[in-house]
Amino acid sequence: EKAGFDHFMLKEIHEQPKAYRDTMGSRLSPDGSRVVLKELTMTEQQIRDIRNVHIVACGTAYHAGLIGKTVIEQLARIPVETDVASEYRYRSPIITPNTLVIVVSQSGETADTLAALREAKRCGAHVLAITNVVGSSVAREADDVLFTWAGPEIAVASTKAYTTQLVAFYLFGLHLAQVLGTKDEAFIRDMIAAMKSLPEQVEAILGQSEAIKAAAEDMSKHDDLFFIGRGVDYAVSLEGSLKLKEISYIHSEAYAAGELKHGTLALIEENVPVIALATQEDLLEKTVSNIKEVTARGGKVLGITSERYAQELAKSVNTVFTIPQTHALLTPALAVIPLQLLAYYASLARGNDVDKPRNLAKSVTVE
Ligand code: F6R
């Protein structure tokens, strides 16, 4: 049932190209000009009436929601807030009938997420669910559902569910842009073309697993490490850090790269590993100066960037890992793959139970 892989997690990491194809599938018009979300009941008028969006989820799904915020704000220019579900309900969020609440949940059964959904409906909001399980509570109770067609996810550590949640946000963001006219046809066409390339680009990254394995084995000897990034790279850093903690039990923290010098830099000393994500052209220079703050104190930096900036980044880091070039908003769908592999191989090197990490359950049905 593991299809020749040692663990479900590795199998699921390798299923991501297929999961991308299945989730995009018939939702992209054959000529590549438009997104077509036939399953949505939301009318164009309902979309035009949206004043704000709340994205609510837990754990990895929350991290997908952080990317979703950037995607929707950039593509549709609607203000978005992303909240952890267990916090959302208790902060008296301002929900009106013109609020779109998006709940994100692989299982569709997470207690806090479900409670947030119910609270949002009670306040008259339209609720859109992004979920992987047909017939789940979240899918049944939401007003609209966008299914991620990732297939069953068995490993406790979420991989293909997260990446297909990103795809769902790309699709939905483009759908909003089409209705609202916030992006022109050429932009939409370009982004769709870039999305269609993602599956083979993921294959290319998976082909470099050996290099990541070596880095992971090195990392597994440390007890503390850091992830840094700006913008969507920061959100991906949070996910990379969670994945690593969850299955390798190595302590790590993710920081917005510019925040490091406001305290955390005190923890950087000789040989502390830092994983720096730098995929965004407009933020590259700033991230590089944050990387230099780390290397100046002896920190060992593994940089992750897109092909176009690899040479530039190589000047200031110890090791560079390159992801294929893509649209700026789509980099998370690639950049997270080496981080998933890092966590996997670090867990393996430490002799942990990769698929069933201690203290954790696949579906969290208590609040
Ligand atoms: C981490 C992980 C968890 C889940 C979280 C939400 O790898 O899997 O953080 O993402 O428990 O679960 P769902 O998406 O089922 O609501």
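The values are calculated or read from the model by the stated rules, or taken from the named source; none is laboratory data. This is a predicted model, so every value here is computed, not measured. Here Cβ is always computed from backbone atoms with ideal geometry, including for glycine, and neighbour counts include all displayed protein chains. Quick note on the areas: whole protein, heavy atoms, side chains included, nothing else; ligands and nucleic acids left out. Shrake-Rupley method; radii C 1.70, N 1.55, O 1.52, S 1.80 Å.
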> What trypsin sites (Lys or Arg not before Pro) in region 35-134 are in a loop by DSSP, with at most 15 other Cβ atoms within 10 Å of the Cβ?
Replying inline: 38, 51, 77
>> Can you tell me which aspartates and glutamates have their Cα less than 15 Å from the Cα of residue 121? Leave out same-chain residues fewer than eight positions away.
In response: 112, 141, 143, 144
> What are the residues whose amide H is under 5 Å from the amide H of residue 83, where those residues sit 5 or more places off or on another chain and H is modelled from the backbone?
Replying inline: 55, 56, 57
> How far apart, in nm, are the 7 Å Cα→Cβ label points at residue 94 and residue 141?
Replying inline: 2.6
>> Would you calculate the convex hull of the Cα atoms in region 139-205 and tell me its volume per residue in Å³?
In response: 110
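Can you pull the percent of the chain's accessible area that's carbon plus sulfur, 1.4 Å probe, other chains left in place?
On the way: 7190 of 14730 Å².
Answer for the chain: carbon and sulfur cover 49 percent of the accessible area.
Relative contact order (percent) for region 223-344, with alpha-carbon contacts under 8 angstrom and 6 or more residues of separation?
Details: 229 pairs, mean separation 32.9, N = 122.
Computed over region 223-344, the figure is 27 percent.
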> Per residue, what volume in Å³ does the convex hull of the Cα atoms of region 222-280 enclose?
Replying inline: 72
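For the chain, what is the mean residue ellipticity at 222 nm derived from helices alone (per DSSP H run of n ≥ 4: -39500 (n - 2.57); sum divided by total residues; nearest 500 deg cm²/dmol)? Don't jump to the answer; show the numbers that get you there.
Working: 14 runs with 166 residues, N = 367.
So the helix-based figure for the chain works out to -14000 deg cm²/dmol.
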>> At a threshold of 8 angstrom on Cα-Cα distance, excluding pairs fewer than six apart, so keeping six or more, what relative contact order does the chain reach in percent?
In response: 19
> So what's region 1-132 giving for Cα Rg divided by 2.2 N^0.38 Å, two decimals?
Replying inline: 1.18
>> From the C-alpha coordinates alone, can you work out the Kirkwood hydrodynamic radius of region 120-253, in Å?
In response: 17.9
> Counting only heavy atoms of protein chains, what accessible area per residue, in Å², does region 122-183 have with a probe of 1.4 Å?
Replying inline: 26
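Can you give the local net charge around residue 247? Use residues other than it whose beta-carbon is closer than 12 angstrom to its beta-carbon, Lys and Arg +1, Asp and Glu -1. Spell out each step's value before the answer.
On the way: positive: 243, 245, 350, 356, 358; negative: 246, 353, 355.
So the surrounding residues net to +2.
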> Per the Kirkwood formula on distinct C-alpha pairs, the Rh of region 107-179 is how many angstrom?
Replying inline: 13.0
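Just to verify a number: FRET efficiency for residue 123 and residue 361, C-beta to C-beta distance, R0 = 35 Å, to 0.05? Working shown, then result.
Values: r = 30 Å, r/R0 = 0.85.
Efficiency for this residue pair is about 0.70.
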>> So, for region 52-115, what is the accessible surface per residue at a probe of 1.4 Å, expressed in square angstrom?
In response: 33
> Against the longest principal axis of the chain, how steep is helix 232-248, in degrees 0 to 90 to the nearest 10, with axes from Cα atoms?
Replying inline: 70
> Distances over 41 Å make up what percent of all Cα-Cα pairs in the chain?
Replying inline: 8
> GNM, the chain, Cα, under 10 Å: largest mean-square fluctuation among 204, 266, 76?
Replying inline: 266
> If you average over every viewing direction, what projected area does the convex hull of the Cα atoms of region 227-367 give, in nm²?
Replying inline: 9.3
> Tally Lys/Arg at +1 and Asp/Glu at -1 over every other residue whose Cβ is under 13 Å from the Cβ of residue 323; what's the total?
Replying inline: -3
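Tell me, what is the FRET efficiency for residue 314 and residue 223 to the nearest 0.05, using R0 = 30 angstrom and their Cβ-Cβ distance as r? The partial results should precede the final answer.
Working: r = 28 Å, r/R0 = 0.92.
Approximately 0.60, to the nearest 0.05.
What shape does region 303-355 take by its C-alpha gyration tensor, where a ≥ b ≥ c are the square roots of the eigenvalues and a/c under 1.5 counts as rounded, a/b above b/c as prolate, and the rest as oblate? Show your work: numbers first, answer last.
On the way: a/c = 4.64, a/b = 1.68, b/c = 2.76.
Because a/c hits 1.5 or more and a/b fails to exceed b/c, region 303-355 counts as oblate.
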